[in-house]
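These notes are about the structure you will find just below.
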Amino acid sequence: MLTQGIIGFSTADLADDVRAGLSKERQKELPSKYFYDDVGSALFEVISLLPEYGLTRADERLLREHAKAIAARVPSPVAVAELGSGNAQKTRWILEAFSRRQPTTYYPIEISRSALASAKLHLQNIDSISIVGFEKEYLDGLLAVAARRPVGHHILVLFLGSTIGNFDRAAGEEFLRLLRRILGPGDSLLLGADLEKPVPQLIQAYDDPLGVTAAFNLNLLARINHDLNANFDLDHFEHVVRFDHDERRIEMHLRSIQPQTVAIPKAGITVTFRENETIWTESSHKYQLEELAPMAARAGFRCDAQWVDTEWPFAESLLIAQ
Ligand code: AVI
């Protein structure tokens, strides 16, 4: 295995996003992409092990069971780019399937430096795989991959783990459209999406009895304290999970349990919270299998094949750029 260094990243956007999100009049918000600092990435790995949160295991099961079939549908030679690789544990199956065919370059694209490092560690013993990590946002990273595409190579983009669900539905579709614009006809996208399931099961998955997801959520405030010199008191906020039936999504919030004022010097703001006011930190949309192919078609992809986990309803869809 050959690895190259990490390429460029700036944290300057955090202050802008915190200022914009916490200055909102009606509903304060923080973008969920900032969950994944070192502590947040480690907590997410623990979430993936929780019995209540079956999503990551379903994703991995599908990839393990169908890696060969997926690889067989993707033309050679191929460069594999993964948006939000995390520790890339589940990517191993796909990469092994490709590496049996020919030497392949894998481009993990991640805003978490520690996740990139652990992806490299997990995959270092696969023969015939070169790894070039990009510490970048998804689209910037994919543009960088496309710019390096060797002549005649296809690109397979992996967008796994139902990260699409963390976008609003319309924004998710628009994101697929933006990916399609970077790709060429015949390139592929493997999209993992969590499917609808009973609400009590979903609530448990995002509000586990051990409190790991609560810690994951609260860590966002700890991160802002650390990175922007803020003075959030974590004991004065609590993790709240709701299901919105109209939008078919889980929402995570942080509820202020008392009136309070928080200074965030590096964002240049002081924020006041009313008792019970919440900061909306994440949405996790759930999909119906039947809506994925039409959504992909509207974004410029043909759905070539789908694989569904029966234990925890979750779908991998192999989409081909038209
Ligand atoms: C990364 N993403 C798909 C996870 C999800 O289920 O929305 C993040 C997560 N949030 C709480 N638990 C897991």
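With respect to the chain, whose longest principal axis is taken over its alpha-carbon atoms, helix 212-228 is tilted by about 80°. Scalar couplings 3J(HN,Hα) for the range 139-145, obtained by applying the Karplus form with A = 6.51, B = -1.76, C = 1.60 to θ = phi - 60°, are 5, 4, x, 5, 4, 5, 5 Hz; x denotes Gly and Pro. As a rough guide to protection, the peptides 102-108, 79-85, 146-152, 20-26 ranked by mean Cβ packing within 10 Å, highest first, stand as 79-85, 102-108, 20-26, 146-152. Under the criterion of Cα pairs below 8 Å and six or more residues apart, the relative contact order for the chain equals 22 percent. Given R0 = 25 Å, the distance between the Cβ atoms of Asn231 and Arg113 translates into a calculated FRET efficiency of 0.45.
Please compute one quarter of the surface area of the Cα convex hull for the chain and express it in square nanometres.
Details: hull surface 62.5 nm².
Projected over every direction and averaged, the Cα hull of the chain covers 15.6 nm².
Peptides 231-242, 265-276, ordered by how many other C-beta atoms sit within 10 Å of their residues on average, highest first, read 231-242, 265-276.
At R0 = 35 Å, how high is the FRET efficiency between Arg73 and Asn125 if r is their beta carbon distance? Nearest 0.05 is fine. Spell out each step's value before the answer.
Working: r = 26 Å, r/R0 = 0.74.
Once the sixth-power term is evaluated, E becomes 0.85.
3J(HN,Hα) along the range 155-172: 10, 10, 9, 9, 10, 9, x, 6, 5, 3, x, 7, 8, 4, 4, 5, 5, x Hz, from the Karplus curve 6.51 cos²θ - 1.76 cosθ + 1.60 with θ = phi - 60°, whole Hz, x for Gly and Pro. Taking the Cα-to-Cβ direction at Val39 and at Leu178 and moving 7 Å from each Cα, how far apart do the two end points lie in nm? Rounded to a tenth, the inter-label distance reads 2.9 nm. The long axis of helix 12-22 is offset from the longest Cα principal axis of the chain by roughly 50 degrees.
Measuring nothing but how far apart in sequence close Cα pairs (under 8 Å, 6+ apart) lie, relative to its length, the range 45-97 scores a relative contact order of 41 percent. Residues of the range 62-92 with an amide N closer than 20 Å to a point placed 7 Å from the Cα of Glu311 along the Cα-to-Cβ direction: 62-70, 87-92. Between the range 12-48 and the range 276-308, how far is it from one alpha carbon centroid to the other, in angstrom? For the range 12-48 versus the range 276-308, the Cα centre distance is 21 Å. Taking the 1.4 Å solvent-accessible surface of the range 30-114 as the whole, the part contributed by carbon and sulfur is 55%. Relative to the longest principal Cα axis of the chain, at what angle does helix 113-123 sit, 0 to 90 degrees, rounded to 10? Helix 113-123 sits at roughly 30 degrees to that axis.
Which FRET efficiency, nearest 0.05, do Gln102 and Ala146 yield, Cβ-Cβ r, R0 25 Å? Working from the Cβ atoms, E equals 0.80.
Remark: the chain carries 42 Å² of accessible area per residue (probe radius 1.4 Å; ligands, DNA and RNA excluded). The eigenvalues of the Cα gyration tensor, multiplied by 5 and square-rooted, give the range 200-320 an equivalent ellipsoid with semi-axes of 36, 17, 13 Å from largest to smallest.
The values are calculated or read from the model by the stated rules, or taken from the named source; none is laboratory data. These numbers were taken from a predicted model, which means no experiment stands behind them. As a convention, Cβ positions derive from the backbone with ideal geometry for all residues, glycine included, and neighbour counts pool all protein chains shown. For the accessible areas, the whole protein counts, side chains as well, though only heavy atoms, and no ligand, DNA or RNA atoms are used. Shrake-Rupley method; radii C 1.70, N 1.55, O 1.52, S 1.80 Å.
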